[in-house]
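What follows is calculated from the coordinates using simple rules that are stated; it is not laboratory data. Please read all numbers here as calculations on a predicted model, not as lab measurements. FYI the Cβ positions are ideal-geometry reconstructions off the backbone, even for glycines, and counts take in every protein chain you see.
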Ligand code: DX5
Ligand code: ZN
C-alpha cells in the first residue's frame with residue numbers, strides 16, 4: 001500500500017547563485033529533494049549544465065538528486081547522469097520514440113525514473129507506463145526558463161494523474177514544476193501533487209523565509 005504521501009519540496013538550483021552553489025545548497029538543506037534542470041538548447045531554447053556540475057555538488061548534499069532532463073536524445077546520456085549521482089532521472093516523453101525502452105535502461109542502472117509532460121501533452125500519453133515509473137513531473141510552464149507564470153489550465157492534469165495513481169495504488173510521486181510559489185502551491189497540492197519543484201520563489205531573497213512561506217501555504 002502506498003497511501004497519502006508527505007509533500008516534499010525540490011528547490012531548483014537553476015535560480016541559485018552559481019558562483020556559490022555550495023552555499024545555495026546549504027541554504028536549502030531542510031528540503032528533501034534538490035531539482036537539477038538540465039537543458040541542451042535544442043529540446044528547449046536554453047542551456048544550463050550537465051553531469052559534471054551534478055558530480056561536483058554530489059558530496060556537498062544529502063538531498064535526493066532529482067534530475068530533470070530537458071534534452072533531445074536523453075537515452076544517450078543516462079550513464080553520465082547516473083554516474084554523476086542522480087537518484088531520480090526524469091525525461092520528457094516528447095523527446096523520445098521508445099519510452100518503455102528508456103524506462104528500462106534507467107531502472108537497469110538502479111536509478112528511479114520519472115516521466116515529464118509539457119503543458120500541452122495529455123496525461124493519457126503516459127498512462128501505460130505507470131506500472132514502471134516512480135515519478136510524474138507535470139510542467140506548469142513551458143520548459144526552458146525559471147521565473148515564468150504558473151499555467152492554471154494544467155491543474156486538471158494534476159488531478160487526472162492523482163486519480164490514476166490512486167486508483168491502482170501505484171507508488172508514484174506526482175511533482176509539479178513551474179511558477180510554484182505560496183500563491184499556487186495550495187492549489188496544486190489540493191489537486192494531488194506531492195512534490196513541489198520551485199526555483200525563483202525559493203532562491204530569490206531570504207531562502208529560509210521563502211521556504212517557510214511555501215510550507216505554511218500548504219498546511
Ligand atoms: C523550467 C524548469 C524549472 C524551473 C522552475 O523549465 O524545469 O524547474 O527552474 O523555476 P520557477 O519555480 O522559477 O518557475
Ligand atoms: Zn525542472
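If the condition is being outside any helix (DSSP H, G or I), surrounded by fewer than 24 Cβ atoms within 10 Å (Cβ to Cβ) and in contact (Cβ under 8 Å) with a residue 12 or more places away in the chain, then the range 191-208 contributes 191, 192, 194, 204. Residue 144 - would you say it is within 16 Å of the chain's Cα centre (by Cα), surrounded by fewer than 20 Cβ atoms within 10 Å (Cβ to Cβ) and within 16 Å of ligand 2 (Cβ to nearest atom)? It is true that residue 144 is within 16 Å of the chain's Cα centre (by Cα), surrounded by fewer than 20 Cβ atoms within 10 Å (Cβ to Cβ) and within 16 Å of ligand 2 (Cβ to nearest atom). Scanning the range 142-160 turns up no residue that is outside any loop (DSSP other than H, G, I, E, B) and in contact (Cβ under 8 Å) with a residue 60 or more places away in the chain. Residue count for the range 6-25 under the criterion of being more than 17 Å from the chain's Cα centre (by Cα) and in contact (Cβ under 8 Å) with a residue 12 or more places away in the chain: the result is 4.
None of 36, 69, 14 is in a helix (DSSP H, G or I), touching a strand residue (DSSP E or B) at 6+ places or on another chain (Cβ under 8 Å) and either within 18 Å of residue 139 (Cα to Cα) or within 13 Å of ligand 1 (Cβ to nearest atom) (or both) except 14.
Can we say residue 181 is buried (at least 23 other Cβ atoms within 10 Å of the Cβ), at negative phi and within 16 Å of ligand 2 (Cβ to nearest atom)? Let's see the steps before the verdict.
Details: buried (at least 23 other Cβ atoms within 10 Å of the Cβ): no; at negative phi: yes; within 16 Å of ligand 2 (Cβ to nearest atom): yes.
When the stated conditions are applied, residue 181 does not pass them.
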